[in-house]
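Engineer: The structure that follows is given in the form of structure tokens.
The values are calculated or read from the model by the stated rules, or taken from the named source; none is laboratory data. Since we're looking at a predicted model, the values are computed, not measured. So basically every Cβ, Gly included, is an ideal-geometry build from the backbone, and we count neighbours across all protein chains shown. The accessibility values were calculated without ligands, DNA or RNA, using every heavy atom of the protein model including side chains. Shrake-Rupley method; radii C 1.70, N 1.55, O 1.52, S 1.80 Å.
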Amino acid sequence: MRTFSKRGAATVALTTLWPFQALAAELPYLDDRSDAAAVVRSLYNAVSRKEYARAWDYFGEAKPAKDFAEFAKGYDKTERVDVETGAVSSEGAAGSIFYNIPVAIRAIDKDGSEKVFAGCYSARQVNGSIQEPPFTPIQLEKGALKPAEGDLGDALPKQCGDAPPAETDAVFDQARKLFAESHQVQCDTAKEGDDAALSYKISYHNKGDAADAPASEARLFRFFCQMGAYNETHVYYLWNQADGLSEQHFATPELDIHYEGDNPDGKLESVNVIGYRSENALVNSSFDDKTMTILSHSKWRSVGDASSDGTWLFRDGAFALVKYDVDASYDGEINPETVLDYNSGP
């Protein structure tokens, strides 16, 4: 029979627990109170990082335990918690918005055992315009989770409150996957939030279609890439029945700009288009479904007195550059000059 000294047994125990401790130490800090689901994810991030005071603070007046000591003790055996959230429902009442959040968690204990729980959290957001200091962000009201089976996705409730059941979108999921694989170095592909990934449906006719031909359908997806001091960039994917899913590249003018004395702070002498290049990301961009155009606005410095604006029109199943404005004078005024225009009437 094999035996261990007390010191040897302790070494074995520490070796067994080390992977979980290392994982907890390396888990990135997340404190996102921008929406109700993000608060739930932040709660379990705090639990996994053993930051129980932060976890306690995500709850409002109705706390999940009689006091903080009891709350922290409840996680004595927990090494980390994985969490998944579903479609959030909301309703307004008396100066507040109340949210219901579908939640599934996987609690991993220090001995390596795992348990899955699922249910609903509720949260409250008090109208910020009627608050006085100190400001109160979105706070959790309560959570009711029960033991569940299977993966988090299987255990996640389809809805809580009046939210419609979550539906899968295979094309959107494929676009997300392609974006994450292709831009993991260039972009922040892990960003979450309402503006991280946007989806649009486009109904259109090609120029050669018969008058009674049914409309074709396309899908446009915009993904947040990165943010600087005053600009953020986006990457686009387009899907249609004929071509499938493809990353979009946008024709952009190459400019030759001259200033008096070669001094950008001096008088602007000329702005000329000397060619075109292809860009796979647009700055401060948006899609206008009424005009079927993607618009971009790139600030050259923070005050916005120097910039460039592009317009790409969707026609015959693709986006084409139709207008480009440039404000190349660093004069403190917003006075753009159109250097290309195929979008205006004669």
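Engineer: Scan region 27-59 for residues that are of a type in the set (Ser, Thr, Tyr), without any contact (Cβ under 8 Å) to a residue 24 or more places away in the chain, farther than 19 Å from Tyr99 by Cβ and open to solvent by less than 50 Å² (accessible area, probe 1.4 Å) and jot them down.
Structural biologist: Tyr52
Engineer: Is one or more of the residues making up region 153-170 at pLDDT below 85, open to solvent by less than 80 Å² (accessible area, probe 1.4 Å) and touching a strand residue (DSSP E or B) at 6+ places or on another chain (Cβ under 6 Å)?
Structural biologist: Yes - at least one qualifying residue is present in region 153-170.
Engineer: Can you list residue pairs whose Cβ atoms sit under 7 Å apart, with the first residue in region 70-95 being without any contact (Cβ under 8 Å) to a residue 40 or more places away in the chain and farther than 22 Å from Ser113 by Cα and the second being open to solvent by 30 Å² or more (accessible area, probe 1.4 Å) and of a type in the set (S, T, N, Q)? Count only pairs 6 or more apart in sequence or on different chains.
Structural biologist: Cβ pairs passing all conditions: Gly95/Asn127.
Engineer: Let me ask something additional. If a residue has to be of a type in the set (Val, Ile, Thr) and within 14 Å of the chain's Cα centre (by Cα) to count, how many in region 177-221 make the cut?
Structural biologist: Total meeting the criteria: 1.
Okay, residues lined up against (1) modelled with pLDDT under 90; (2) over 21 Å from the mean Cα position of the chain (by Cα); (3) at negative phi:
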position	(1), (2), (3)
Ser48	no, yes, yes
Phe59	no, yes, yes
Lys63	no, yes, yes
Glu79	no, yes, yes
Gly92	yes, yes, yes
Asn100	no, no, yes
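Engineer: What residue, among those in region 27-48 that are out of contact with any strand residue (DSSP E or B) (no Cβ under 9 Å at 6 or more places or on another chain) and not in a loop (DSSP other than H, G, I, E, B), is nearest to Leu140 (Cα to Cα)?
Structural biologist: Ser42
Engineer: Taking region 266-308 as the search range and keeping residues that are part of a loop (DSSP other than H, G, I, E, B) and either in contact with an Asp or Glu (Cβ under 7 Å, 6 or more places away or on another chain) or among the β-branched types (Val, Ile, Thr) (or both), which one is surrounded by the most Cβ atoms within 10 Å (Cβ to Cβ)?
Structural biologist: Among those residues, the one meeting the criterion is Ala306.
Engineer: Out of (1) modelled with pLDDT of 95 or more; (2) farther than 19 Å from Met227 by Cβ; (3) charged (D, E, K, R), what's the single condition that is false for Lys299?
Structural biologist: (2)
Engineer: May I ask you to list pairs of residues, at least six apart or on different chains, whose Cβ atoms are under 7 Å apart, with the first in region 275-286 being under 19 Å from Asp188 (Cβ atoms) and the second being modelled with pLDDT of 95 or more and among the charged types (D, E, K, R)?
Structural biologist: Asn280/Glu247; Asn284/Glu232
Here's the yes/no breakdown for (1) open to solvent by less than 50 Å² (accessible area, probe 1.4 Å); (2) not in a loop (DSSP other than H, G, I, E, B):
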{"site": "Glu61", "(1), (2)": "no, no"}
{"site": "Asp76", "(1), (2)": "no, no"}
{"site": "Asp82", "(1), (2)": "yes, yes"}
{"site": "Ala87", "(1), (2)": "yes, no"}
{"site": "Ile108", "(1), (2)": "yes, yes"}
{"site": "Ala118", "(1), (2)": "yes, yes"}
{"site": "Ser129", "(1), (2)": "no, yes"}
